[in-house]
Structure formats: structure tokens, C-alpha cells
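The values are calculated or read from the model by the stated rules, or taken from the named source; none is laboratory data. Keep in mind that this is a model prediction, so the values were computed, not measured. Cβ atoms come from the backbone with ideal geometry, glycine included; neighbour counts cover every protein chain shown.
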Amino acid sequence: MFLTDVVSGFSTEMMNNYLEKIKEDPQKRENLLKTVLLGTEVGIILLQESEEFREAFGRIHAEFLKYPESKDVLQKAMKTISH
């Protein structure tokens with residue numbers, strides 16, 4: 001657990017620092033948006049083309065669903081589906 005806490009804390013701090021730096025720079029925010037959208041597209045392509053990636057994607061989601069933190073996500077998803 002210690003390693004995941006350290007890595008998580010470090011990544012969060014790095015991202016928070018970066019977001020603070022780009023807050024006043026529209027071009028840097030636009031670049032971040034483009035990078036995130038590109039990453040999303042890569043993820044979609046990998047889902048379409050790679051059984052191995054789909055299996056890993058499924059495993060990480062199945063693991064997440066084991067924890068109480070997933071309860072809110074599941075409730076919102078069920079509410080959305082039922083409406």
C-alpha cells in the first residue's frame with residue numbers, strides 16, 4: 001500500500017502544480033486538452049484493435065467495482081440507464 005500511496009501522491013502533486021502553472025495560459029490549456037483528447041482516441045483504438053488491451057481494461061474496471069468507492073459511480077450509471 002505504501003508504494004501506491006507514494007506514487008499517487010506524487011502524481012497528484014505534479015498534476016496540481018502543472019494545472020496551477022497553465023491556469024492563466026489559454027494556449028497551454030488548449031494543448032493539454034488536445035493531449036487528453038488524443039489519449040482518449042488512442043484508448044478507443046486500442047479497445048477496438050487489441051484483445052489484450054480489452055482484457056486489461058476489463059480487469060482494472062472489475063477491480064474498481066470491488067471497492068466501496070465505486071458505489072456512487074454504479075448508482076449514477078443505473079439511474080442514467082433507467083431514465
Open item on the list: Could you tell me how many of the residues in the stretch 34-75 are of a type outside the set (Gly, Ala, Ser) and under 14 Å from the mean Cα position of the chain (by Cα)?
Closed with: 13
Open item on the list: Taking the criterion of being among the aromatic types (Phe, Trp, Tyr) and either at pLDDT 95 or above or touching a Leu at 6+ places or on another chain (Cβ under 8 Å) (or both), would at least one residue in the stretch 66-83 satisfy it?
Closed with: no
- [ ] Specify which of the listed residues (Gly9, Gly43) is at pLDDT below 90 and among the small types (Gly, Ala, Ser).
- [x] Gly9
